[in-house]
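Okay, structure first, notes after.
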Ligand code: SF4
């Protein structure tokens, strides 16, 4: 998933300068087969059920940014059971959000979600905004996530380009095994052209293509024999040529990220702050350990205490001053 290209006039202006080749594609040739396939194959995911709240959708999208569905499902359920509304989360200290985040990875997402809950509570009466541009101003919500929430929670009509959708469209229309590293203007233009005119159908189309990429047009082993648009697929027609482009690696073992995860796990599971000697057992390389700990402190996830111990940052809700949408909350200790 990526949030690198914004919706709006800049992107539309750039799109207008593109060659017209992609406009020859007719959305209607893909739409109905994919919608029919989705009706028969969609997974029953909590955040897709009728009547699910916009908060539930937003939490799921933040969790799914870096984590697979199988791990998000129980975490999402526990999160919503504990904090069914943004206001419920906003009352808690930020460290509780990090603690509840557990081992989902990239725990800064928990802090951003907590910050979003406070802004929504203070500036939007506790109601998740439906407007794409307003969503875009919330912490940690980029172009993809704003579009996903606007579409899946409110039935808006936006192109929703995650990695699954990008892969399906690259194979179907461009004959490439994988899309380029960052979404291009041409991809956004194609995705928008493929949106059905009716917003409700467009929202269903968006989730259907996403599901097709997750279940059938997978990265490693696409099951073309089960694909509803196999006869229209450019990559399949070309004999499924392998990509010449290197895909970014996903190495985790031995990285600073793994080291940060181990330090956070110790702090999360301890009922009391921990001294350096306890953290030292988490990781053998002292320099890497120090770098990771510095990063956690700089990111606001860990707080060094005056007695030399460390704890998850526990900012009580009462210390948070009201924030305007799109700005970071100010803390009394920093700006009075
Ligand atoms: S035919 Fe195969 S490669 Fe093409 S879209 Fe379907 S699953 Fe993907």
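The values are calculated or read from the model by the stated rules, or taken from the named source; none is laboratory data. Only a predicted model underlies this, so the values are computations on that prediction, with no experimental measurement involved. FYI the Cβ positions are ideal-geometry reconstructions off the backbone, even for glycines, and counts take in every protein chain you see.
Here is how the numbers come out for the structure above:
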| read-out | value |
| --- | --- |
| Residue count for segment 65-96, restricted to those that are assigned to a helix (DSSP H, G or I) and modelled with pLDDT under 95 | 6 |
| Number of positions in segment 227-239 that are near the ligand (Cβ under 7 Å from one of its atoms) and within 29 Å of the chain's Cα centre (by Cα) | 5 |
| Matching residues, segment 54-77, being surrounded by fewer than 16 Cβ atoms within 10 Å (Cβ to Cβ) and in contact (Cβ under 8 Å) with a residue 40 or more places away in the chain | 66, 69 |
| Candidates 130, 146 - the one that is part of a loop (DSSP other than H, G, I, E, B) and modelled with pLDDT of 95 or more | 130 |
| Single match in 242, 273, 248 (criterion: more than 11 Å from the ligand (Cβ to nearest atom), surrounded by fewer than 12 Cβ atoms within 10 Å (Cβ to Cβ) and modelled with pLDDT of 85 or more) | 242 |
| Spans of helices (runs of 4 or more DSSP H) in segment 200-288 with at least 3 residues in contact (Cβ under 8 Å) with a residue 40 or more places away in the chain and out of contact with any helix residue (DSSP H, G or I) (no Cβ under 9 Å at 6 or more places or on another chain) | none |
| Subset of segment 142-162 [within 16 Å of the ligand (Cβ to nearest atom) and buried (at least 23 other Cβ atoms within 10 Å of the Cβ)] | 161 |
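Listed here are the residues, each with its yes/no results for (1) within 11 Å of the ligand (Cβ to nearest atom); (2) surrounded by fewer than 23 Cβ atoms within 10 Å (Cβ to Cβ); (3) over 21 Å from the mean Cα position of the chain (by Cα).
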{"residue": "123", "(1), (2), (3)": "no, yes, yes"}
{"residue": "136", "(1), (2), (3)": "no, yes, no"}
{"residue": "140", "(1), (2), (3)": "no, yes, no"}
{"residue": "164", "(1), (2), (3)": "yes, yes, no"}
{"residue": "172", "(1), (2), (3)": "yes, no, yes"}
{"residue": "194", "(1), (2), (3)": "no, no, yes"}
{"residue": "207", "(1), (2), (3)": "no, yes, no"}
